[in-house]
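Enquirer: This is the structure, below, for whatever I ask next.
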Amino acid sequence: MQTAAGVVLAGGRSTRMGRPKAWLEWHGSTLLYRAAAVLARTVDGPVVVVAAPGQELPPLPSGVSVAEDPVEGLGPMQGLAVGLAAVADRAETAFVCSTDMPFLHPAFVRRVLRALTPGTDVALPVARGFRQPLAAGYRTALAGLVADLLAEGDLRPGMLFKHCEVTQLSDAELLADAQLARHDPALESVVNVNSPEDYAEARGRQPPEVVVERFGALARNGGHRPHAVRAATLGAAAAAVGLALDRHVVAALNGDQVTRDTALPLAAGDTVAFLSADAGG
């Protein structure tokens, strides 16, 4: 098994948006928090946010680190080089994405990373009609090659792809994954928000549907029975069933990840089990 990292590029100029995308509110947290937390709950290695020189970032999930880009204005290739180098000693592969992907689903991340089979350097989705270099999987060993290309003035991801082994993933190949087809059939994982209109449309959508269960002392009056709610975060899921994530309550996400992070992003198909943290609960 390969250790996989997550890299979020946060240093874009947000020219069309008119304000930093990293700080855009998203169901009580920010777009950057969501992107970093989705990767953190999906990969088994480190998660790093790449920031522009001197860039102020909003709060990040616990355990997510920041790598500052030493050079401004060279675009995503520079961020890619910095991000891959930051995790290369701890992971063989990395899923790399931009900040502004509010519908990125863990099943998409897992599907892309699985395509990084031996001999493949880049797993590149060609989704919804476009290549998606900022929703792709990379060998972390490519950090040096990317830096060399930048030194030669090659600032476009397409130049990297000419120098390594790339596996392209079509819509059909992506959706051959049953979980992805079920929970993100339109491949909205790759949708980004570039303008205020994009953001308003995305923010106005209904939250994903998740299943909530309660156990122990929290399951009185039939509360143990699973039922569906719409919730973008763990805190919203708790509120939907009349709970607060305080010291008396913990949550298990999809049967394993135990947390009290109210801002933890949820995705379609998630199951959240709330349990009493009190002795004998």
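Enquirer: Could you tell me how many of the residues in the stretch 88-107 are open to solvent by 30 Å² or more (accessible area, probe 1.4 Å) and touching a residue at least 40 places away in the same chain (Cβ under 8 Å)?
Expert: Count: 4.
Enquirer: Is it the case that residue 122 is at pLDDT 95 or above and either open to solvent by less than 10 Å² (accessible area, probe 1.4 Å) or in contact with a Gly (Cβ under 8 Å, 6 or more places away or on another chain) (or both)?
Expert: Yes: the conditions hold for residue 122.
Enquirer: Ok, one more. Can you find even one residue in the stretch 57-64 that is within 23 Å of residue 139 (Cβ to Cβ), touching a residue at least 24 places away in the same chain (Cβ under 8 Å) and hydroxyl-bearing (Ser, Thr, Tyr)?
Expert: no
Enquirer: Looking for whichever is of a type in the set (Gly, Ala, Ser), surrounded by 22 or more Cβ atoms within 10 Å (Cβ to Cβ) and either touching a Cys at 6+ places or on another chain (Cβ under 7 Å) or modelled with pLDDT of 95 or more (or both) here; the options are 85, 22, 127. Which one fits?
Expert: From the options 85, 22, 127, the qualifying one is 127.
Enquirer: Something else now. Here are some residues: 200, 136. Which one is in contact with a Phe, Trp or Tyr (Cβ under 8 Å, 6 or more places away or on another chain) and modelled with pLDDT of 90 or more?
Expert: Of 200, 136, the one residue that is in contact with a Phe, Trp or Tyr (Cβ under 8 Å, 6 or more places away or on another chain) and modelled with pLDDT of 90 or more is 136.
Enquirer: Pairs needed: first member in the stretch 259-273, at pLDDT below 95; second member anywhere, aromatic (Phe, Trp, Tyr) and surrounded by fewer than 22 Cβ atoms within 10 Å (Cβ to Cβ); C-beta distance under 7 Å; at least 6 residues apart or different chains.
Expert: 273/215
Enquirer: If residue 33 satisfies every condition in (1) open to solvent by 10 Å² or more (accessible area, probe 1.4 Å); (2) in contact with a Leu (Cβ under 9 Å, 6 or more places away or on another chain); (3) within 25 Å of residue 174 (Cα to Cα) but one, which is the exception?
Expert: (3)
Enquirer: For the stretch 4-19, give me each residue that is over 14 Å from residue 56 (Cα atoms) and either modelled with pLDDT of 85 or more or of a type in the set (D, E, K, R) (or both).
Expert: Listed by number, the residues that qualify are 4, 5, 6, 7, 8, 16.
Enquirer: Additional query: Would it be correct to say that residue 110 is closer than 14 Å to residue 173 by Cα, in contact (Cβ under 8 Å) with a residue 40 or more places away in the chain, open to solvent by 20 Å² or more (accessible area, probe 1.4 Å) and not hydrophobic (A, V, I, L, M, F, W, C)?
Expert: On the way: closer than 14 Å to residue 173 by Cα: yes; in contact (Cβ under 8 Å) with a residue 40 or more places away in the chain: yes; open to solvent by 20 Å² or more (accessible area, probe 1.4 Å): yes; not hydrophobic (A, V, I, L, M, F, W, C): yes.
So residue 110 fits the description; yes.
Enquirer: A further question on this structure: Residues of the stretch 37-65 being surrounded by fewer than 15 Cβ atoms within 10 Å (Cβ to Cβ) and either under 16 Å from residue 98 (Cβ atoms) or polar (S, T, N, Q) (or both), which ones? So that I can check it myself, show each step before the final result.
Expert: Step one: list which residues in the stretch 37-65 are surrounded by fewer than 15 Cβ atoms within 10 Å (Cβ to Cβ), which gives 44, 53-54, 56, 59, 62-63, 65.
62, 65, listed by residue number.
Enquirer: Provide a single number: the residues in the stretch 250-277 that are within 15 Å of residue 217 (Cβ to Cβ) and out of contact with any helix residue (DSSP H, G or I) (no Cβ under 7 Å at 6 or more places or on another chain).
Expert: 3
Enquirer: Could you pull out the residue among 178, 277, 202 that is among the small types (Gly, Ala, Ser), open to solvent by 60 Å² or more (accessible area, probe 1.4 Å), out of contact with any Gly (no Cβ under 8 Å at 6 or more places or on another chain) and on the phi < 0 side of the Ramachandran plot?
Expert: That would be 178, the only listed residue that is among the small types (Gly, Ala, Ser), open to solvent by 60 Å² or more (accessible area, probe 1.4 Å), out of contact with any Gly (no Cβ under 8 Å at 6 or more places or on another chain) and on the phi < 0 side of the Ramachandran plot.
Enquirer: Looking at 272, 250, 258, can you tell me which residue is touching a Lys or Arg at 6+ places or on another chain (Cβ under 8 Å) and of a type in the set (Val, Ile, Thr)?
Expert: 250
Enquirer: I'd like to know if the stretch 130-140 contains one or more residues that are β-branched (Val, Ile, Thr), more than 17 Å from the chain's Cα centre (by Cα) and not in a helix (DSSP H, G or I). Before the answer, list the steps.
Expert: Of the residues in the stretch 130-140, the ones β-branched (Val, Ile, Thr) are 140.
From the residues that got through so far, the ones that are more than 17 Å from the chain's Cα centre (by Cα) too are 140.
Checking the rest, the ones that are also not in a helix (DSSP H, G or I) come to none.
Within the stretch 130-140, not a single residue is β-branched (Val, Ile, Thr), more than 17 Å from the chain's Cα centre (by Cα) and not in a helix (DSSP H, G or I).
Enquirer: Taking the stretch 262-274 as the region of interest, how many residues are in a loop (DSSP other than H, G, I, E, B) and buried (at least 20 other Cβ atoms within 10 Å of the Cβ)? Give the derivation first.
Expert: First, the residues of the stretch 262-274 that are in a loop (DSSP other than H, G, I, E, B): 262-264, 266-270.
From what's left, buried (at least 20 other Cβ atoms within 10 Å of the Cβ): 264, 266-267, 270.
Count: 4.
The values are calculated or read from the model by the stated rules, or taken from the named source; none is laboratory data. This is a predicted model, so every value here is computed, not measured. In this analysis, Cβ positions are derived from the backbone assuming ideal geometry, glycine residues included, and neighbour counts consider all displayed protein chains. Accessible surface areas use protein heavy atoms only, side chains included; no ligands, DNA or RNA. Shrake-Rupley method; radii C 1.70, N 1.55, O 1.52, S 1.80 Å.
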